[in-house]
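Okay, structure first, notes after.
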Amino acid sequence: MPRSMRGPALGALGAALLLLALAPMPARAALAGPSPAAASARLAASAPLAQASASFYWQRGTDRAQQGDYRGAIDDFTHALNLLHSVDRTRADLYVARGWAYANSGDPRAAIADFERALRFNSELADAYLGRGAARAALNDYQGAIADFTRALQINPANADAYSSRANARAALGDQLGAIADFTLALAANPRAASAYTGRAWARAKLGDRQGALEDFSLALAVDPTNTDAYSGRAGLRAELNDPRGAIEDYTAALQWQPNDAGLYVGRGWARATLGDHAGALQDFTAALALRPDTLDARLGLASARAALGDHQGAIAEFTRALALDPTNADAYSSRGQARAALGDAAGAIADYTAALQQRPNDAGLYVGRGWARAALGDAAGAVADFTTALQLAPDQSDAYSGRASARAALGDTAGAIADYTHLLALRPDDADAYNGRARARAAAGDDTGAIADYTAALQQRPDDVGAYLGRGFARATLGDHQGAWADFSAALTLDPASADAYGGRAWARAALGDTEGAVADLQQAAALYQAQGDQAGYQQAIEGLQQLTAP
């Protein structure tokens with residue numbers, strides 16, 4: 001998941017986005033300088049032919065910029081500049097226009113040069129400071145950008161774009177409070193600036209004010225119902241606030257406006273996975289990868305969805321592809337290890353957990369995973385070592401106590417196993433498996449009375465636990481309570497009529513109670529079940545018991 005809040009990108013990738021946000025040519029033709037009509041009075045001072053030609057190129061350059069043809073706009077603005085040699089203020093406006101075209105074409109250095117030329121002609125040109133600030137921000141010179149935006153505001157204190165731009169620069173420097181203050185001023189100047197609401201929402205979210213962020217995203221959408229950044233931001237917050245249904249609604253709404261945005265499919269996929277809709281999640285992650293095959297989050301999500309649907313082989317393949325994109329991804333190694341363990345490939349699981357630990361050596365969960373895999377291979381001592389390391393890193397790691405208890409029992413360390421199960425029950429007092437495990441350890445240590453108490457506690461948590469009835473039945477038989485043993489074995493058979501062990505245990509309880517005929521019948525049934533189940537040792541033991549009971 002889905003899964004940390006992200007604001008608009010402000011680094012290298014976000015440079016062009018920031019410039020477009022600050023000065024989208026179609027929305028703000030003024031940022032390309034005054035229109036030819038507005039500048040006609042100044043052009044009148046030049047030669048008639050130059051005036052006509054300059055107006056033509058200026059107008060066509062503006063049109064091209066509005067259509068996104070920034071290179072063509074640059075050529076036309078350059079032609080216009082070459083035709084004007086002495087109209088200083090007009091040349092300043094044209095340099096601003098060409099500066100924005102350079103900025104929007106992804107050439108912030110050329111943009112800065114043009115904005116500075118404009119300022120040499122007219123040092124009070126707010127749009128030139130605004131443009132140079134945007135270009136500086138694109139080059140990660142946020143301090144310089146803030147200085148330019150501040151100068152633009154000194155010239156025009158009502159410039160909402162300058163406040164928003166300065167807010168973005170402050171946010172990039174980690175000054176979220178300053179960003180919020182500037183976005184608020186931008187909204188005072190222009191209450192319908194949806195991007196300012198969105199920007200303030202991101203800043204509030206980074207400060208932990210999720211409720212304020214939600215309100216701002218909603219205000220942005222009230223102004224602009226097509227604002228996909230607001231939908232995406234609100235969706236991420238809703239997911240963090242455990243509202244996956246709300247997140248899905250927002251991602252779906254955003255996809256109506258941007259159906260080719262892979263990130264929106266990824267976000268919705270993780271939200272669906274949170275709800276247990278792994279089939280829906282798989283569809284979303286697949287759609288994201290069809291749009292962008294190198295999307296790591298989508299690849300990891302697809303792998304997780306396949307694992308959740310029981311397709312562990314498919315999950316392994318996807319985690320392997322994820323690792324080709326990011327060979328240091330500990331989550332991918334860990335998850336592939338889990339999938340391999342589910343398929344019985346304990347050796348492969350150990351290799352993956354070990355690779356993950358190279359990236360995250362202090363991750364207790366990885367030691368737990370490797371411990372269980374080592375236990376599956378019969379390396380109980382190695383398992384104990386891993387579980388012990390996990391507990392040193394996370395003393396309340398209940399799964400580590402469970403694993404170490406099991407491994408210690410396998411090594412014959414019943415006292416250590418009992419101690420670990422006791423720690424585990426302090427953390428998880430309703431854990432039936434822990435009671436069963438401690439019961440077995442106590443029985444192995446000769447404490448059948450303690451074993452009976454633990455099996456009884458397990459049955460209180462899980463009344464249909466056949467193993468607990470069997471264990472308590474054998475413990476009761478050991479203590480001579482054959483009637484209680486008979487009752488437990490009978491209860492086990494009610495739950496599982498195919499339990500050969502229950503028939504065998506009840507047979508000896510019946511024999512001890514003097515019911516030889518019933519004992520023989522139970523042993524015959526046990527022998528038949530053992531044979532059908534391929535348990536040769538159990539079958540042989542039952543046959544020997546029958547011979548003993550039927551001997552003259």
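Quick notes on this one:
- Subset of segment 382-434 [crowded, with 17+ Cβ neighbours inside 10 Å and β-branched (Val, Ile, Thr)]: Val384, Thr389, Thr414, Ile418
- Members of segment 188-211 found to be within 21 Å of Asp148 (Cα to Cα) and either of a type in the set (Val, Ile, Thr) or in contact with a Phe, Trp or Tyr (Cβ under 7 Å, 6 or more places away or on another chain) (or both), listed by number: Ala189, Ala196, Gly199, Arg200
- From Asp284, Asp294, Asp352, residue being acidic (Asp, Glu) and surrounded by fewer than 19 Cβ atoms within 10 Å (Cβ to Cβ): Asp294
- Residue-level check: of (1) buried (at least 24 other Cβ atoms within 10 Å of the Cβ); (2) under 30 Å from Asn156 (Cβ atoms), Asn227 misses just (1).
- Residue count for segment 208-220, restricted to those that are surrounded by 22 or more Cβ atoms within 10 Å (Cβ to Cβ) and either closer than 15 Å to Ala167 by Cα or not aromatic (Phe, Trp, Tyr) (or both): 3.
- Just one residue in the set Ala381, Ala342, Ala426, Ala400 is of a type outside the set (Asp, Glu), under 32 Å from the mean Cα position of the chain (by Cα) and more than 26 Å from Ala457 (Cα to Cα); that residue is Ala342.
- Residue tally, condition within 20 Å of Leu177 (Cα to Cα) and small (Gly, Ala, Ser), over segment 134-167: 9
- In the set (1) within 26 Å of Ala443 (Cα to Cα); (2) at pLDDT below 95; (3) not aliphatic (A, V, I, L, M), the condition left unmet by Phe489 is number (2).
- Residue check for Arg440: of a type in the set (Lys, Arg), buried (at least 20 other Cβ atoms within 10 Å of the Cβ), out of contact with any strand residue (DSSP E or B) (no Cβ under 9 Å at 6 or more places or on another chain) and more than 26 Å from Trp372 (Cβ to Cβ): no
- Residue that is surrounded by fewer than 22 Cβ atoms within 10 Å (Cβ to Cβ), at pLDDT 95 or above, of a type in the set (A, V, I, L, M) and out of contact with any strand residue (DSSP E or B) (no Cβ under 6 Å at 6 or more places or on another chain), where the choices are Ala205, Ala179, Ala147, Ala152: Ala147
- Helices (runs of 4 or more DSSP H) fully within segment 225-325 counting 3 or more residues that are within 22 Å of Leu343 (Cα to Cα): 278-291, 296-308, 312-325
- Being more than 23 Å from Thr184 (Cα to Cα), among the hydrophobic types (A, V, I, L, M, F, W, C) and over 37 Å from the mean Cα position of the chain (by Cα) is a property that Ala158 lacks.
- Checked against (1) crowded, with 20+ Cβ neighbours inside 10 Å; (2) basic (Lys, Arg); (3) within 38 Å of the chain's Cα centre (by Cα), Arg476 passes all but a single condition, namely (3).
- Among residues of segment 128-155, those that are touching a Phe, Trp or Tyr at 6+ places or on another chain (Cβ under 8 Å) and closer than 22 Å to Ile74 by Cβ, counted: 9
- Qualifying residue in segment 117-127 (condition: surrounded by 24 or more Cβ atoms within 10 Å (Cβ to Cβ), over 38 Å from the mean Cα position of the chain (by Cα), under 23 Å from Ala179 (Cβ atoms) and of a type outside the set (Val, Ile, Thr)): yes
- Cβ-Cβ contacts under 7 Å between residues 6 or more apart (or on different chains), taken from a first residue in segment 401-424 that is under 18 Å from Thr389 (Cα atoms) and outside any loop (DSSP other than H, G, I, E, B) to a second residue that is at pLDDT 95 or above and among the aromatic types (Phe, Trp, Tyr), are listed as Gly403/Trp372; Gly403/Phe387; Arg404/Phe387; Ala405/Tyr421; Ala407/Phe387; Asp420/Tyr401; His423/Tyr401; Leu424/Tyr401.
- Scanning segment 81-104 for residues that are among the hydrophobic types (A, V, I, L, M, F, W, C) and either surrounded by fewer than 24 Cβ atoms within 10 Å (Cβ to Cβ) or modelled with pLDDT under 95 (or both) turns up Leu81, Leu83, Leu84, Val87, Ala92, Leu94.
The values are calculated or read from the model by the stated rules, or taken from the named source; none is laboratory data. All figures in this text were calculated on a predicted structure; none of them were measured in a lab. With ideal geometry, Cβ positions are generated from the backbone for all residues, glycine too; neighbour counts draw on all protein chains shown.
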